[in-house]
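Note sheet for the following structure.
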Amino acid sequence: MLKQTQLNALLSAPLDQCRQGCWDKARPLVGQGRSVLSYFQNQGSTVRLLDGCMSAIYGLEQAEAYQAVKQVTDRREAFPQERVFRYLTTQAPQI
């Protein structure tokens, strides 16, 4: 069983890296004539940002399978880029 101090030591740096990577991707996009809240309330904006963050964190930006999935669009999807997110969730590193 892990103690809280051990868990914090194991997760703190990786989570900080994820947070910083996502902020680095969001910084040039947020505030371009819109408030931060306005940016994140827009599903299209948020979906693109999450796609970029997840693919970078998972190391998939150049992966052929990821690129192939991104090229497919389907109007029947429940939300924008549904197929991409379903693919990305299968590629998520396991804790």
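Each value in this text was obtained by applying a stated rule to the coordinates, not by laboratory testing. All values reported here derive from a predicted model rather than from experimental measurement. Here the Cβ positions follow ideal geometry from the backbone for every residue, glycine too, while neighbour counts run over all protein chains shown.
Taking each residue of the stretch 9-38 that is within 15 Å of L50 (Cβ to Cβ) and looking for partners that are of a type in the set (S, T, N, Q) and surrounded by 12 or more Cβ atoms within 10 Å (Cβ to Cβ) with beta-carbon atoms closer than 9 Å, six or more apart or interchain, yields L29/S45; V30/S45.
Of all residues in the stretch 13-47, those that are exposed (fewer than 12 other Cβ atoms within 10 Å of the Cβ), among the small types (G, A, S) and part of a helix (DSSP H, G or I) total 2.
Selection of the stretch 48-83 for residues being over 22 Å from Q17 (Cβ atoms) and β-branched (V, I, T) yields V69, V72, T73.
Here L10, L50 are screened, and the one residue that is in contact with a Phe, Trp or Tyr (Cβ under 8 Å, 6 or more places away or on another chain), surrounded by 12 or more Cβ atoms within 10 Å (Cβ to Cβ), on the phi < 0 side of the Ramachandran plot and not small (G, A, S) is L50.
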